[in-house]
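A short write-up of the structure that comes next.
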Amino acid sequence: MGYGSAFFTIIKSSCDKGIRGDARMSGWEIVTLEDVTVDGSQGLKRGPFGGAIKKDSFVPDGYKIYEQKHAIYGNFDSGDYFISEARYKELKSFAVESGDLIVSCSGTLGRVAVVPPNVKPGIINQALLRIRPKSNLVSSRFLKMLLETPDLQSRLFGSAGGSATGETHLINKDYLISIMTQKFALMSTY
């Protein structure tokens, strides 16, 4: 059985039959999203208030501001907005690192991208959520695929159906996901 079909079986089993009571799920641990992200506020971090990044603070080149389009299209090379080093230091808690996931939270909801290695240093804007997984527990790619399943999209975004007008609370932090922790050590973090 290849990786793709094993993944499908895992997701189908956990989503269609439910986590508890399925004999095939023995050895799985029930955890929250917070359990598999780094500790504290750095694990799940919504972008700064809109007023924290104003157009008058943009510079021609510097630290990149990652936007919705980066989560939607997964192209981290694009981008037109930059801030100075001084402003970056003030907003460093919103910085991205290789292996982070960014999730669109406004307008087009639930698009997920993994921050690639060697990405230009920068921060997320107010329309994104940054998820920083514990790399010893979960592969960023696996978590991305899990977050993109129809069942999780429905549970995380409710009836928004991929788009919304105005702000939306993205992640129900208490939502349980099933994770087979012994498999993660074998998976790449990107």
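Readers should treat all values here as calculations from the given coordinates under stated rules, not as data from a laboratory. No experiment lies behind these values; they were computed from the predicted model shown. Neighbour counts run over all protein chains shown; Cβ positions are idealised from the backbone, glycine included.
Which FRET efficiency value, to the nearest 0.05, do you get for Thr108 and Asp35 by plugging their Cβ-Cβ distance into 1/(1 + (r/R0)^6) with R0 = 30 Å? Don't skip to the answer; put the middle values down first.
Numbers: r = 28 Å, r/R0 = 0.92.
Taking R0 as 30 Å, the efficiency between Thr108 and Asp35 is 0.60.
Under a crude label model (7 Å from the Cα following the beta-carbon direction), how far is Glu97 from Ala52 in nanometres?
About 1.7 nm, to one decimal.
Grab the Cα-Cα distance for Lys120 and Arg141, subtract it from 0.36 nm times how many residues apart they are, and report the gain in nm with one decimal.
Details: separation 21, 0.36 × 21 = 7.56 nm, distance 1.98 nm.
Length difference between fully extended and current span is 5.6 nm.
Just grab the label-to-label distance for Ser78 and Ser154, each label 7 Å out from Cα along the Cβ direction, in nm (one decimal).
Between Ser78 and Ser154, the label points sit 3.0 nm apart.
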